[in-house]
């Protein structure tokens, strides 16, 4: 017996089918792991991780979003990581002040 699971993330609809017991009870639990995962399980976990990332991206972004890559002139670049973080914080603070409702 199979169960259907629908996931809607943004404009994307994804449908998964997975096995369940015929009488509707849950899959049995098992003891904690004692061995490493099989290659097939690792591949499945990787696939699920990628699907989750794609769903998150589709649910949070669309074609009306703004994408930009700000850079520094070589002579004005921050000298340390902390200086760069302060610049980013100040930049986002200024943007929020002007367009808080449109930011995600």
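Coordinate-derived values only; no laboratory data. Keep in mind that this is a model prediction, so the values were computed, not measured. As a convention, Cβ positions derive from the backbone with ideal geometry for all residues, glycine included, and neighbour counts pool all protein chains shown.
Just a few scattered comments:
- Straightening the chain between residue 26 and residue 54 buys 7.3 nm, computed as 0.36 nm per residue apart minus the Cα-Cα spacing.
- Crossing angle, helix 39-60 versus the chain [Cα axis fit, 0-90 degrees, rounded to tens]: 50 degrees
- As an equivalent ellipsoid, the chain spans semi-axes of 44, 22, 13 angstrom, where each value is the square root of five times an eigenvalue of the C-alpha gyration tensor, largest first.
- Once both labels are positioned 7 Å from their Cα atoms along Cα-to-Cβ, the gap between residue 7 and residue 83 label points is 4.3 nm.
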